[in-house]
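Below is one structure; the comments refer to it alone.
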Amino acid sequence: MPGLINTHVHTSQQLGRGLGDDVNLLTWLHDRIWPYESSMTEEDSYISTLLCCAEQIKAGTTAFAEPGGQFVSGMARGVAQAGIRGKLANSIMDCGEGLPANWVHSTDEEIARTVEDIKNFHNTADGRVQVWFGLRTIFNNSDELILRSKEMADRYGVGVHMHVAEVKDEVEYLKAKIGVQTVTHLNDLGVLDKNFLAVHTVWLTNEEVGMFKAHDVKVSHDPAAAMKVLGFAKVPRMLREGICVSIGTDGAPCNNRMDMVDEMWLTSLIHKGWRLEPDVVKAQEVLTMATMNGAKAILEEKNLGSLTPGKKADLIVIDPRSAGMLPLHDPIANLVSAMHSENIRDTMCNGKWLMRDRRLLTIDEDALYTEAQQRADAIRRRAGIALPSRFPLQ
Ligand SMILES: [Zn+2]
């Protein structure tokens, strides 16, 4: 089948897996992830990306969208070597409380940084590497930054990737500040559009769902992150209204699996559970979300998302002969609800095999795992992150 498309994954956070468990969002952000990410070097970003790509290739992902890290150069090296496709971005922020000192930048600096990365890396590695604008959140993005990012994204023909209405605190903060919620504000700014990828989108009114539909906004639904800390997005309603909802894993400290097979399974389950409606978000819909809708969400509808003559050869080979996936009565149901990533035998991207018989061909796995652990420990020590005493790696 076509390769899976992960529309939200933080490649720079891969080395921080396990740093954000059992804590609220503010602790997660201020005490764990910001110190960690802001202590990374360009080389750390490369290794983090390579590890993230390795996990994704093994789970059948052939293309992904990255919401923003600090070193597009490091990410681009990782993606170029791994052989998959990535829409990469800087994490753009020009305001907000508590930012690490080396992340405080002006609006001009933030726009210039991404324009520079577009010039250096966009459409490199046979077109597999592309660069988008990555707005972090409304807490850290001024109106001017949002407007100029959208304007520049249009000018360069790329997308805008943004965390939108992800926690209740976010919409309450904005309502107290300007009287409206995040999506209404983005609509008022005029930036909702077909090249706008809105991630999480948990705290939306029905009217705001209508705004997404009216402007053909693309949505990334990340079910594991939703259950861990955010809440449940109105995915059944969005699908019913014909909004392009795709699936993402989110980053390693908030899932903690970069495995689209697991995310398909969760997507099919969680909405049935919270709504007590067993017929919502059906297996075929989930498969479409993870393939064709993912292609639309990353602006690759013409090239990816289905096995069609003329499209790029991004595909996976599945071997269902295993205790967990047989018997096959309804193959679509099994792909979504029974398959494990171990059933994915081979992965191809852009006509090249990246994995055969579960073995990666572009990455020395053993060497990578050793280096990733060493770098992960070193970054955590540099960042001075305190963990519960049960944590064994002090
Ligand atoms: Zn995210």
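None of the figures in this text is laboratory data; all of them are computed from the coordinates on show. For clarity, every value in this text was computed on a predicted model and none was experimentally measured. Don't worry about glycine lacking a Cβ; one is built from the backbone with ideal geometry, like all the others, and counts go over all protein chains shown.
Observations
- Residue-averaged 222 nm ellipticity for the chain, from DSSP H runs of 4+ at -39500 (n - 2.57), nearest 500: -11500 deg cm²/dmol
- When the Cα positions of Val167, Ala376, Thr249 are compared along the charge dipole of the chain, Thr249 comes out farthest toward the positive end, with charges on each C-beta of Lys, Arg, Asp and Glu.
- Positive-end residue of Leu360, Cys53, Ala297, charge dipole of the chain with Cβ unit charges: Leu360
- Centre-to-centre separation between the Cα atoms of segment 222-274 and those of segment 54-85: 21 Å.
- Linear extension gain, Asn206 paired with Arg240, 0.36 nm per residue minus alpha-carbon span: 11.0 nm
- Positive minus negative residues near Gln70 (Lys, Arg vs Asp, Glu; Cβ under 10 Å): -2
- Segment Gln81-His329, length gained on full extension (0.36 nm per residue, minus Cα span): 85.4 nm
- Relative packing of peptides 332-338, 20-26 - highest average C-beta neighbours within 10 Å first: 332-338, 20-26
- Electrostatic dipole magnitude of the chain [Cβ: Lys, Arg +1; Asp, Glu -1; Cα centre; debye, to 20]: 740
- Database remark: amide H of Asp222 closer than 5 angstrom to the amide H of His200, Gly248 (H placed geometrically; neighbours at sequence offset of 5 or more, or on other chains; Pro and chain starts carry no H).
- Pairwise FRET efficiency - Lys175 versus Lys282, Cβ, R0 = 35 Å, nearest 0.05: 0.50
- Inter-part distance, segment 120-142 to segment 291-315, computed on C-alpha centroids, equals 20 Å.
- Peptides 183-196, 117-130 ordered by average Cβ neighbours within 10 Å, highest first: 183-196, 117-130
- Spin-label model, Trp103 to Arg359: label points 7 Å out along the Cα-to-beta-carbon direction sit 4.1 nm apart.
- Relative contact order for the chain: 22 percent, from Cα pairs under 8 Å spaced at least 6 residues apart, divided by residue count.
- Exposure proxy order (Cβ contacts within 10 Å, fewest to most) of Met238, Met289: Met238, Met289
- Residues whose placed amide H lies under 5 Å from that of Arg345, excluding near-sequence neighbours: Val317, Ile318, Asp319
- Counting other Cβ atoms within 10 Å as a rough exposure proxy, the listed residues Met258, Met325 run Met325, Met258 from fewest neighbours to most.
- Computed from the C-beta positions of Met227 and Lys352, the FRET efficiency with R₀ = 30 Å rounds to 0.25.
- For segment 202-216, the Karplus equation 6.51 cos²θ - 1.76 cosθ + 1.60, evaluated at θ = phi - 60°, returns couplings of 7, 9, 10, 7, 4, 4, 5, 4, x, 5, 4, 4, 4, 10, 6 Hz by residue, with Gly and Pro reported as x.
- Listed residue pairs exceeding 32 Å between alpha carbons, taken from Lys177/Lys218; Lys119/Lys228; Lys194/Lys272; Lys177/Lys282; Lys168/Lys302: Lys119/Lys228; Lys177/Lys282; Lys168/Lys302
- 3J(HN,Hα) along segment 87-104: 9, 9, 7, 7, 7, 8, 9, 10, 6, x, 8, x, 6, x, 4, 7, 9, 7 Hz, from the Karplus curve 6.51 cos²θ - 1.76 cosθ + 1.60 with θ = phi - 60°, whole Hz, x for Gly and Pro.
- Cα-centred dipole magnitude for segment 67-201, charges only on beta-carbon of K, R (+1) and D, E (-1), debye, nearest 20: 520
- Rounded to whole numbers, the Karplus 3J(HN,Hα) couplings from phi for segment 267-276 are 4, 5, 8, 5, 6, 4, x, 6, 9, 6 Hz, using 6.51 cos²θ - 1.76 cosθ + 1.60 with θ = phi - 60°, and x at Gly and Pro.
- Neighbours of Glu144, meaning other residues whose beta-carbon lies under 12 angstrom from its beta-carbon, give a summed charge of -3 when Lys and Arg score +1 and Asp and Glu score -1.
- Chain lengthening between Glu43 and Asp319 when straightened (0.36 nm per residue, less Cα-Cα): 95.8 nm
- Global form of the chain, assessed from the alpha-carbon gyration tensor, a/c cut-off 1.5: rounded
- Listed residues Ala313, Leu19, Met264: farthest to the positive end of the dipole of the chain (Cβ charges): Ala313
- Rounded to the nearest 0.05, the FRET efficiency derived from the C-beta distance between Arg275 and Ser337 at R0 = 22 Å is 0.80.
- Cβ-defined net charge surrounding Arg345, 14 Å radius [Lys, Arg +1; Asp, Glu -1]: +1
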